[in-house]
1. Can you name every one of the helices (runs of 4 or more DSSP H) wholly within segment 661-730 that holds 3 or more residues which are over 15 Å from MET635 (Cα atoms) and of a type in the set (D, E, K, R)?
2. Search segment 545-601 for residues being in contact with a strand residue (DSSP E or B) (Cβ under 6 Å, 6 or more places away or on another chain) and not in a helix (DSSP H, G or I), and hand back the single one that is surrounded by the most Cβ atoms within 10 Å (Cβ to Cβ).
3. Based on this model, can you work out whether ARG538 counts as surrounded by fewer than 19 Cβ atoms within 10 Å (Cβ to Cβ), within 39 Å of the chain's Cα centre (by Cα) and at pLDDT 95 or above?
4. Within segment 242-264, track down each residue that is among the polar types (S, T, N, Q) and either over 28 Å from the mean Cα position of the chain (by Cα) or modelled with pLDDT of 70 or more (or both).
5. Looking only at segment 70-126, count how many residues are assigned to a loop (DSSP other than H, G, I, E, B) and of a type in the set (Ser, Thr, Tyr).
6. Among residues belonging to segment 34-65 that are out of contact with any strand residue (DSSP E or B) (no Cβ under 9 Å at 6 or more places or on another chain) and buried (at least 16 other Cβ atoms within 10 Å of the Cβ), point out the one that is modelled with the lowest pLDDT.
7. Looking at (1) under 22 Å from LEU603 (Cα atoms); (2) at pLDDT below 95, find the lone condition where LYS715 falls short.
8. Somewhere in segment 141-148, is a residue at pLDDT below 90, assigned to a helix (DSSP H, G or I), surrounded by fewer than 19 Cβ atoms within 10 Å (Cβ to Cβ) and in contact with a Lys or Arg (Cβ under 9 Å, 6 or more places away or on another chain)?
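The values are calculated or read from the model by the stated rules, or taken from the named source; none is laboratory data. Note that this is a predicted model, so its numbers are computed, not measured. Reconstructed Cβ throughout: ideal geometry from the backbone, glycine too, with neighbour counts over all protein chains shown.
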Amino acid sequence: MPNRIYNSQSIKTHMASTSSCMLSTAKDTCSIPTFTLESLLHCLSEILGRGASGILYALEGYPALAVREIQLDSFTEDIIKDIQCNLLVHTRLSHPHVLRCYQVLCDGEFIYVVVDRYRETIESMINRHKRARQPVSEQDIFLILEQIASGLAYLYDSGKIAANGKPLPAIIHGGLTPTSILASDNGKHFVLTDYGLPRELLQNGVSASIFSYSAPEEIMYSKHSPASDVWALGCIVYELATLSRPSFANSDDSQSVFTSDWKPNLTSVQSPLLRELLRYILVLDPEARLSVKELISLARDQTLIELLISKELRTQVVSLQRECEILKQTLDSSNENHRAELTSLKEKLNSKSTEISSLKSIIEKQSADIISLQKEVRARSSRIDGLETQCKGCISQLQALQKNSQQQQQQFSKATEELRMQVSRGFRLNNLIPMCDSSWTPLMHAVVVGDARAAKKYIDNNRNKMNKDGDTALTLAARMGHKDIVELIDPTDKDGVTALMRAADRGDVEVVKLLIPLQKRCQAPGKVYINGYTLCNRTALMGATIYGHTDAVKLLMEHEGGMKDNTGWTALMYAALTNHTELVGLLMNVEGGAQNSEDRTALMYAAQSNNQNSVKLLLKKEACMKDKNGITALMVAANCNNPECVILLLKKEACMKDNNGWTALMRATCNNNLECVRLLASKEGDIKTTHNVYWEDDDQAYPSESTASDIARRKGYREVLSILSKQSSK
């Protein structure tokens with residue numbers, strides 16, 4: 001164990017000899033490109049993960065690399081400088097089980113760190129095993145333990161040097177959790193990350209679960225040491241073995257839990273070897289915990305764990321030796337007493353010879369016992385010496401195994417690197433940003449990667465520009481499914497009109513197609529004017545219908561067909577009213593038969609606007625339907641003097657009455673619509689009203705039991721009377 005262990009403050013002191021804490025690039029990585037800040041930002045791709053130290057991005061075109069983005073706006077200048085100095089040291093570290101840091105760049109608000117890309121964290125590996133209900137194998141756990149302990153041993157080594165020959169400081173990890181251990185694609189190579197960084201950065205946004213891995217001395221006294229990292233590693237081993245997060249204590253009850261007689265509950269650990277190993281890691285006294293070097297040896301040769309038990313037996317032997325020594329001292333003291341007694345007895349020898357003989361026998365027996373005890377002590381000492389010799393032999397074997405393992409590790413690393421290069425040469429990225437295409441604006445780049453913050457920055461000058469493929473930032477955002485960025489580029493207005501509604505109003509079919517998944521079935525609650533009509537709670541389909549955009553209607557009707565505005569109008573009703581016959585044919589099967597708040601139908605509005613083709617289509621669905629006043633489509637056509645529609649409706653709706661008993665003929669008569677009267681007279685001439693009716697239009701009252709002729713006579717319409725009289729005479 002090195003004499004000096006550096007935390008983030010001592011690393012800053014160590015770097016004080018340099019001219020400044022300038023950010024750096026690793027010098028011994030010829031195959032890794034050197035990025036400028038601009039080129040690095042252009043290469044940022046999808047988000048791989050989020051951690052305590054920032055957001056991890058993929059690098060487009062560099063599948064073996066990743067970039068960690070560290071946001072600085074929440075830290076003081078001293079902490080920022082501390083972070084920079086630590087990252088400078090990281091670029092000089094080189095160990096197979098410590099995440100390699102190649103380059104560090106800064107733009108004032110963010111620091112970007114180029115590192116190797118790994119498949120997952122230990123945390124995600126544990127969660128994967130939880131979902132599969134499959135335990136992590138003992139072999140894999142020992143592999144993780146060996147590699148991570150090896151990485152920690154390298155960090156603690158105060159004698160390590162950089163590639164340029166300059167010494168590097170020893171580093172305490174200080175935040176070891178399952179998220180700070182990364183795993184390779186094959187699940188056989190593991191590295192440490194987030195090591196030696198200021199605790200302000202590691203604790204930025206971290207949940208209270210970090211206390212599950214904090215050593216007692218960290219929680220209670222804020223003391224950090226290599227032994228604290230060993231405790232955290234033990235907690236991770238426990239979680240790997242049980243698939244349960246350790247709950248030995250939390251930040252609130254640690255004082256009451258970690259008493260002097262505390263021992264971990266390891267009943268959930270099924271592996272006897274792992275359970276025995278954790279007994280020597282999860283101990284309160286930091287000095288009594290196993291060191292990382294001991295962990296490496298034990299992980300590589302699990303038979304040594306059994307020697308830990310022998311070590312405990314050795315402690316018991318030493319305790320017995322001490323007891324024997326005490327017993328020997330007691331016996332020596334007893335001998336002195338006997339000698340005094342012998343002196344006294346010699347004076348009485350003649351008179352008490354029998355008593356003296358008896359005492360001699362006792363002394364001889366006790367002497368024999370002493371000799372026997374001495375032999376036993378010597379025998380036990382010989383056994384201890386034998387154990388020591390055996391341990392020395394095991395250590396020699398371990399050293400040989402360690403050397404062999406290092407050689408194998410070097411071969412493995414070389415093979416891994418070759419494989420990585422082969423994968424890199426064969427990898428192709430599709431459907432991503434063409435970085436060399438000058439027609440792409442910064443806003444388009446931000447849209448494609450889903451960076452809303454950057455999109456907001458560039459939106460004012462780039463909103464309506466097109467690239468060479470004819471795409472705008474809006475179409476790209478819709479295609480990528482970024483609903484929030486669509487809202488930024490083409491926001492919903494104060495009346496609730498969305499980008500989809502505006503695209504539908506102007507008949508922009510491509511934009512409508514892209515926006516449907518994001519904004520379909522929205523309604524604008526405000527008062528909106530569309531081509532002369534006032535709507536509340538309009539839909540995109542209604543706008544496309546009123547303007548007559550057939551292709552847009554075809555796209556939208558599947559998603560918004562049947563929706564109504566605040567007065568109950570459907571898109572079909574607007575199509576009938578605006579004489580868009582083709583749209584009536586499209587919408588009829590979806591919305592045919594619907595009635596608005598006045599119970600009026602699309603057929604009635606088609607009759608009102610004299611749209612004969614629409615009337616023909618709608619007769620199949622809506623003939624003979626009435627509104628709240630009992631008015632039919634035929635009555636509407638007669639009232640509006642649309643004889644062509646009267647002819648079409650006559651067969652289905654002739655002789656029908658409204659709520660006052662009035663027919664279509666009576667309405668045609670009242671409005672002096674001669675042609676409609678001629679068409680209706682033969683069918684409805686003899687029908688009488690059922691209620692007294694007052695018409696505000698002509699300030700006339702019409703009693704019940706009135707015929708169309710009575711109404712014409714009261715109105716003074718002679719031509720109408722003539723037509724009705726001729727029909728009556730027939």
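1. Numbers: elements: 664-670, 674-684, 708-715, 718-729.
Result: 708-715, 718-729.
2. Kept after step one, since they are in contact with a strand residue (DSSP E or B) (Cβ under 6 Å, 6 or more places away or on another chain), are these residues of segment 545-601: 546, 565-566.
After this cut, where a residue has to be not in a helix (DSSP H, G or I) as well, the list is 565-566.
On the way: ASP565: 22, ASN566: 13.
Within segment 545-601, the match that is surrounded by the most Cβ atoms within 10 Å (Cβ to Cβ) is ASP565.
3. Details: surrounded by fewer than 19 Cβ atoms within 10 Å (Cβ to Cβ): no; within 39 Å of the chain's Cα centre (by Cα): yes; at pLDDT 95 or above: yes.
Spelling it out, it is not the case that ARG538 is surrounded by fewer than 19 Cβ atoms within 10 Å (Cβ to Cβ), within 39 Å of the chain's Cα centre (by Cα) and at pLDDT 95 or above.
4. At the first step, the residues of segment 242-264 found to be among the polar types (S, T, N, Q) are 242, 244, 247, 250-251, 254-256, 259-260.
Of everything in segment 242-264, those that are among the polar types (S, T, N, Q) and either over 28 Å from the mean Cα position of the chain (by Cα) or modelled with pLDDT of 70 or more (or both) turn out to be THR242, SER244, SER247, SER254, GLN255, SER256, THR259, SER260.
5. Filtering segment 70-126 for residues assigned to a loop (DSSP other than H, G, I, E, B) gives 72-76, 91-94, 96-97, 99-100, 107-109, 117-119.
Now drop any that are not of a type in the set (Ser, Thr, Tyr), which leaves 74, 76, 91, 94, 118.
Matching residues across segment 70-126 total 5.
6. Here the answer is ALA52.
7. (1)
8. First, pick out the residues of segment 141-148 that are at pLDDT below 90: none.
Among the residues of segment 141-148, not one is at pLDDT below 90, assigned to a helix (DSSP H, G or I), surrounded by fewer than 19 Cβ atoms within 10 Å (Cβ to Cβ) and in contact with a Lys or Arg (Cβ under 9 Å, 6 or more places away or on another chain), which makes the answer no.
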